[in-house]
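Some notes on the structure that comes next.
The values are calculated or read from the model by the stated rules, or taken from the named source; none is laboratory data. Only a predicted model underlies this, so the values are computations on that prediction, with no experimental measurement involved. Cβ: placed from backbone, ideal geometry, glycine included. Neighbour counts: every protein chain shown. Note: areas computed on protein heavy atoms with side chains; ligands, DNA, RNA excluded. Shrake-Rupley method; radii C 1.70, N 1.55, O 1.52, S 1.80 Å.
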Amino acid sequence: NKPAGMPIHPSMNHYYNSLANGLAYYFEQQSCPFVFRCINRLDRDTSGLTLIAKHYISGGMLSAMISNKTVSGITREYLAIVKGSVTPPEGTITAPLARKEGSIIERCVDFENGDSAVTHFIREWTNGQISLVRVRLETGRTHQIRVHMGYIGHPLPADYLYNPVYDTFKRQPLHSLQLKFCHPITGTPMCLMAPVPEDMSNAF
């Protein structure tokens, strides 16, 4: 259950406080060999469930599952708080994503050069000013939820790249809520959930 503000990998200005650093230290204290194999990478300010494989075989199987769109894949659900009252209250966003010209980080909708990206959403609550939406990813492109919700006119507040308005939140209110998959070795159905962090739950 990754906290907001923690990057997955060490990066500029975040050399030590990454999830990879923390897990390397954790296994070092147990004198266990460890290679960092992150299956569903989350953005730095996104909180919630992150799946880590402890073995290269399970890591390979899980990586194949997350790119598989059949029932044997990994189902990823998120909660997001977005601007405005999302209308219609549920739907599917099918809009290919590509790297924004002139940027190595930002993504944008690009119907000519983008890679396929599909996001399903259901509005769970709204007060007219903001909405709580449950999002299920069919694909897992970089910044997919953030860009897709902005594309339909409902950007996430406090998103430092796409909507840097910090009147309500200090970080983009996006939370990896649930992962469903079958254990790669035993085949046992797994359903994991991470509690909604206070900065989001206090808003609705």
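Spin-label pair residue 198-residue 142: with each label point 7 Å from Cα along the Cα-Cβ axis, the two points sit 3.4 nm from one another.
Heavy-atom accessible area for residue 177, with the other protein chains in place and a 1.4 Å probe, reaches approximately 10 Å². Simple rule: put +1 on each Lys or Arg Cβ and -1 on each Asp or Glu Cβ in the chain, find the dipole, and look at 64, 95, 126; the Cα lying farthest toward the positive end is 64. Simple spin-label estimate for residue 125 and residue 1 gives 1.8 nm between the two label positions (7 Å along the Cα-to-Cβ direction from each Cα).
Taking 8 Å as the Cα distance limit and 6 or more residues as the minimum spacing, I'd like the relative contact order of the range 60-137 as a percentage.
This gives 34 percent for the range 60-137.
The count of lysine pairs in the range 48-204 that are at least 8 places apart or cross chains, and whose C-alpha atoms lie under 30 Å apart, stands at 10.
Across the range 152-166, rounded Karplus estimates of 3J(HN,Hα) from the backbone phi angles (6.51 cos²θ - 1.76 cosθ + 1.60, θ = phi - 60°) give 8, x, 10, x, 6, x, 6, 8, 5, 8, 10, 7, x, 10, 10 Hz, Gly and Pro being marked x. Only one residue of 184, 21, 80 has its Cα farthest out toward the positive end of the dipole of the chain, where Lys and Arg carry +1 and Asp and Glu -1 on Cβ, and that residue is 184.
About its Cα centre, the chain has a charge dipole of approximately 340 debye under the convention of +1 per Lys or Arg Cβ and -1 per Asp or Glu Cβ, with nothing else charged.
Straight-line reach from residue 2: taking Cα to Cα under 20 Å and skipping same-chain neighbours fewer than 8 places apart, the aspartates and glutamates in range are 28, 43, 45, 77, 159, 198, 199. Of the labelled options (1) 18.5, 60; (2) 17.3, 57; (3) 17.3, 53, which one gives Rg and Dmax of the Cα atoms in Å as computed for this structure? Computed from the coordinates, Rg and Dmax of the Cα atoms in Å corresponds to (3). Under the criterion of Cα pairs below 8 Å and six or more residues apart, the relative contact order for the chain equals 20 percent.
Could you please state how large a percent of the accessible area of the chain is carbon and sulfur, counting protein chains only and using a 1.4 Å probe? Roughly 54 percent, rounded to a whole number. About the centre of its Cα atoms, the range 135-204 shows a dipole size close to 200 debye [charges on the beta carbon of Lys, Arg (+1) and Asp, Glu (-1) only; nearest 20 debye].
Classify the range 21-87: rounded, prolate or oblate, from the alpha-carbon gyration tensor (a ≥ b ≥ c, eigenvalue square roots; a/c under 1.5 rounded; otherwise prolate if a/b is larger than b/c)? Taking the square roots of the gyration eigenvalues as a ≥ b ≥ c, the range 21-87 is oblate.
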